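The values are calculated or read from the model by the stated rules, or taken from the named source; none is laboratory data. Owing to the predicted nature of the structure, the values given are computational and were not obtained by experimental measurement. Positions of Cβ are generated from backbone atoms using ideal geometry, with glycine treated the same way; all protein chains shown enter the neighbour counts.
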Amino acid sequence: MKPSLAVLLGLTALGALVLPLSAAPQEETPLDQLTPTERLERRITPEVLVCRAATPAVVFIETNTPRTYRDFWGRTFSQNNKSSGSGVVLTGDGFVVTNYHVVKDAKDIRISFEKSIDETVYVADVLSFVPEEDLALLKIRNPEDKIFGTVPMAPTSSDLMIGEPVVAIGNPYGHTHTVSVGIISGLHRGIKITDPNMGLKFEFDDLIQTDASINPGNSGGPLLNINGELIGINNAVNQQAENIGFAIPIDRVKVVLEEQLISPDRYNAWLGMRTSEDDRLEVTEVLAGSPAALGGMEPGDRILAFGTSQFSGLDDYRLVRLALRPGEQTEVRVARGDSTLTLPLQAWEKSDGVIYERLGVQVERVAFSRGGKGLAIRSVRPDGPAARIGLLPGDLIAAMRVRVGDLNRAFAFNNRFNLAGFLDRLQPDLELDVEIRREGQLYQGTVRLD
């Protein structure tokens, strides 16, 4: 069974490496009297055990990021910049946490493990990120449904002790899966980081300070306690000092994961349904004509699984929903009464879903008769706002006017992303003046948004 985020975020970190302390032997056996096996066992320290347990879950991240440059003559040109970093696998189906600055603006992301564990180079997608926290969540594309190694999260980072031994694993300067050991040398550290070349500016006030070597390429990798539990995500090094590195505490990582990285507003794929915000995952609403409705879902269904991914609770469901890509065909398994049904599901782009939900239409980009491009209505939801004022497929959206307080302004849209962003910012029940062109004639009406 794949380890779930609910377990990893729980108060107990199942699977953590527990190393009980024992008293040193009263008399040491001379080295020349030990068998080869005994000699080897004496070398297996707690740090070795931590590395053995954690290494299968540490990934090497390589990215291609397009950058625009200007030459001496003022001409601009683009070039792909390659960079690398580290990450740590949180769940068996391949969700990876890393630093935002490792994947910022990246177009291609490749992930690899220690070659003795897995020689495959995987493609990964950025699912969500929080720049100000310097954290990002990735998903490894995993068509063979492999189960990856994971690192258990420590129950808390509030009990960390100065002087406590720690292990950092990462990929500094491209030297993959490099291990460094040290101690916690400070807690609740505040630092500022600025990198004009990448447009980065961070300010932290609660970092773990360690003297374990953390160099460029370690960013996003795990900081582990001697039990093999994840206590922080390495994210910064003081370049002016020796052996001063910093990590984001696991308590903060958990909060950002739960409240931001896997929140519903981060979903890129739109299904047209709403579910209860609890572990029952009961469908509370299905929008007519949406992917969920076309697949046969009904209010009252309880969602059990997407594809091969089953849910132990709300957090697991949110992770899988976050990884669902627009246009992807999948199956959803639901409980309906005493029956279990498997239904087809093909997600839409989020922008298409927002327009369909708020305005009640699907649109497409077309060329206007006077040149330029704009949006035409492709289909109309029967019970939607557009249908209520008589809009029809084929109508060209000329403009929308907002009249709120002192604001009286018309907006035109040449692509669906701009229209979706505009509608998403408006309150339900707001009235908009709409101008459309139909067979060469200009018509006006007032629509009340859902």
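Observations, loosely collected:
- Residues being modelled with pLDDT under 90 and either over 18 Å from residue 178 (Cα atoms) or in contact with a His (Cβ under 8 Å, 6 or more places away or on another chain) (or both) - total across the stretch 211-232: 2
- Filtered residues of the stretch 155-172 (kept if farther than 21 Å from residue 254 by Cα and either free of Cβ contacts under 8 Å to residues at least 24 places away in the same chain or surrounded by 12 or more Cβ atoms within 10 Å (Cβ to Cβ) (or both)): 163, 164, 165, 171, 172
- Summed over the stretch 405-448, residues that are touching an Asp or Glu at 6+ places or on another chain (Cβ under 8 Å) and over 22 Å from residue 394 (Cα atoms) total 1.
- Figure legend. Inter-residue proximity from the stretch 92-107: first residues among the hydrophobic types (A, V, I, L, M, F, W, C), second residues part of a loop (DSSP other than H, G, I, E, B), beta-carbon distance below 8 Å, spacing 6+ or different chains. Indicated pairs: 96/90; 97/90; 97/220; 102/219; 102/220.
- Of everything listed in (1) at pLDDT 95 or above; (2) within 27 Å of residue 127 (Cα to Cα); (3) in contact with a Gly (Cβ under 7 Å, 6 or more places away or on another chain), the single unmet condition for residue 414 is (1).
- Single match in 78, 128, 84 (criterion: closer than 28 Å to residue 201 by Cα, surrounded by fewer than 14 Cβ atoms within 10 Å (Cβ to Cβ) and of a type in the set (Gly, Ala, Ser)): 78
- Qualifying residue in the stretch 32-44 (condition: modelled with pLDDT under 85 and either charged (D, E, K, R) or assigned to a helix (DSSP H, G or I) (or both)): yes
- Annotation note: of 243, 235, the sole residue that is touching an Asp or Glu at 6+ places or on another chain (Cβ under 7 Å), outside the structural domain of residue 387 (by TED's automatic domain parsing), part of a strand (DSSP E or B) and at pLDDT below 95 is 235.
- Here residue 317 clears all of (1) buried (at least 21 other Cβ atoms within 10 Å of the Cβ); (2) closer than 30 Å to residue 418 by Cβ; (3) not charged (D, E, K, R) except the condition numbered (2).
- Of all residues in the stretch 317-340, those satisfying the criterion of being modelled with pLDDT of 90 or more, under 25 Å from the mean Cα position of the chain (by Cα) and not hydrophobic (A, V, I, L, M, F, W, C) are 317, 318, 321, 325, 326, 327, 329, 330, 331, 333.
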